[in-house]
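Enquirer: Below is the structure I would like to discuss, written out as structure tokens.
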Amino acid sequence: DQDEALSLSDRVAVFNKGAIVQLGTPQDVYNKPADKFVADFVGSSNFFPKNEAKEFFGVDQELIVRPENILLVAPKKSKNVFLGEIAEVIFLGDLNRVLIRLESGKEIFVTEVSNASGEQRKRGQQVGVEFDSELVSRLTR
């Protein structure tokens, strides 16, 4: 179980086809995955190949952004905010997993804490998607 491995370990090794592809603290492996395999294996992530990374972040390198590191804000375009529409909301009890279709057509997942007294997300709702550049991970392989 990955949750157990991350919570109980001082160091974690991720293997692919019998070879170690990343070795490090649970925090490093989760927050700074070496490649797309590690990013997908340890949690979920939104993958941006080079062409999309260039379009969205001005970087010529593959990137990932974890769904919990993306904010939904008012639909007002700015430097780190892109416009999109909610395509689906999946209620998971304490969390909502929200599928957003950006203006470019790219689909990303955002994870938000469920809030019974707060705003309820609805399919078709226009939103701004804010990326914190400090929380975008550059893939090294």
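The values are calculated or read from the model by the stated rules, or taken from the named source; none is laboratory data. On a predicted model such as this, the values are computed, not experimentally measured, just so you know. Note that we place each Cβ from the backbone using ideal geometry, even for glycine, and neighbour counts take in every protein chain shown. Side chains included, ligands, DNA and RNA excluded: accessible areas come from the protein's heavy atoms. Shrake-Rupley method; radii C 1.70, N 1.55, O 1.52, S 1.80 Å.
Enquirer: For the chain, what does -39500 (n - 2.57) per DSSP helix run (n ≥ 4), summed and divided by total residues, give at 222 nm, in deg cm²/dmol to the nearest 500?
Expert: Details: 4 runs with 27 residues, N = 141.
Roughly -4500 deg cm²/dmol at 222 nm, from the helical runs in the chain.
Enquirer: Taking R0 as 25 Å, what's the FRET efficiency between residue 83 and residue 115 from their Cβ-Cβ distance, rounded to 0.05? Walk me through the numbers on the way to the answer.
Expert: Numbers: r = 23 Å, r/R0 = 0.92.
Using R0 = 25 Å, I get an efficiency of 0.65.
Enquirer: Still on this structure, please answer the following. Rounded to the nearest 10 Å², what accessible area does residue 50 have for a 1.4 Å probe in the complete protein model?
Expert: The value for residue 50 is about 110 Å².
Enquirer: While we're looking at this one, here's another question. Do you know the relative contact order of the range 40-141, to the nearest whole percent, from alpha carbon pairs under 8 angstrom that are 6+ apart? Each step should come with its number before you reach the end.
Expert: On the way: 200 pairs, mean separation 32.3, N = 102.
Here the relative contact order equals 32 percent.
Enquirer: Ignoring any ligand, DNA or RNA, what whole percent of the accessible area of the chain comes from carbon and sulfur when the probe is 1.4 angstrom? Write down the numbers at each step before the final one.
Expert: Working: 4220 of 8460 Å².
Ligands and nucleic acids excluded, carbon and sulfur give 50 percent.
Enquirer: Measuring from a point 7 Å past the Cα of residue 4 along Cα-to-C-beta, which residues in the range 13-27 have an amide N at less than 17 Å?
Expert: 13
Enquirer: Quick one: the Cα spread of the range 86-132 along its three principal axes, in angstroms, biggest first?
Expert: Over the range 86-132, Cα extents along the principal axes are 31, 24, 16 Å.
Enquirer: Same structure again: Hey, what's the Kirkwood Rh for the chain if you take every pair of different alpha carbons, in angstrom? The partial results should precede the final answer.
Expert: On the way: mean 1/r = 0.0619 Å⁻¹.
By the Kirkwood definition, the hydrodynamic radius is 16.2 Å.
Enquirer: Let me ask another. Taking the Cα centre of the chain as origin, sum charge times position over the Cβ atoms of Lys and Arg (+1) and Asp and Glu (-1), and report the length of that vector in debye to the nearest 20. Please report the intermediate quantities before stating the final value.
Expert: Values: 18 positive and 22 negative charges, 92 e Å.
My answer is approximately 440 debye.
Enquirer: Could you tell me which residue out of 24, 125, 58 lies farthest along the dipole of the chain toward its positive end? Charges go on the beta carbon: Lys and Arg +1, Asp and Glu -1, centred on the Cα centre.
Expert: The residue sitting most towards the positive pole is 58.
Enquirer: Given the Cα-Cα distance of residue 54 and residue 141 and 0.36 nm per residue of separation, how much length would full extension add, in nm?
Expert: Length difference between fully extended and current span is 29.6 nm.
Enquirer: Let me ask something else. Running a GNM on the chain with Cα contacts under 10 Å, which residue among 20, 64, 108 ends up with the highest mean-square fluctuation?
Expert: 20
Enquirer: Hey, what's the Cα Rg ratio for the range 1-63 versus the globular rule of thumb, 2.2 N^0.38 Å?
Expert: On the way: Rg = 13.1 Å, N = 63, 2.2 N^0.38 = 10.6 Å.
Dividing the Cα radius of gyration by 2.2 N^0.38 Å gives 1.23.
Enquirer: May I ask you to list the lysines whose Cα is less than 23 Å away from that of residue 122, ignoring any residue fewer than eight positions away on the same chain?
Expert: 76, 77, 106
Enquirer: Residue by residue, what Karplus-based ³J(HN,Hα) values in Hz, rounded to whole numbers, does the range 87-98 have, using 6.51, -1.76 and 1.60 with θ = phi - 60° and x for Gly and Pro?
Expert: Listing the rounded values in order: 9, 6, 10, 10, 7, 10, x, 7, 10, 10, 9, 10 Hz.
Enquirer: What fraction, in whole percent, of alpha-carbon pairs in the range 54-120 exceed 17 Å separation? If you can, show how the numbers build up before the last one.
Expert: Values: 1038 of 2211 pairs.
Percent of Cα pairs beyond 17 Å in the range 54-120: 47.
Enquirer: Anyone know which of 84, 18, 58 comes out most mobile in the 10 Å Cα GNM of the chain?
Expert: The residue with the greatest mean-square fluctuation here is 18.
Enquirer: Suppose R0 equals 41 Å; then what is the FRET efficiency for residue 16 and residue 76 from their Cβ-Cβ distance, rounded to the nearest 0.05?
Expert: Numbers: r = 41 Å, r/R0 = 1.01.
Plugging the Cβ-Cβ distance into 1/(1 + (r/R0)^6) gives 0.50.
Enquirer: Per residue, how much accessible surface does the chain expose to a 1.4 Å probe? Answer in Å², no decimals. Intermediate values should be presented prior to the final figure.
Expert: On the way: 8460 Å² over 141 residues.
Heavy-atom SASA per residue in the chain reads 60 Å².
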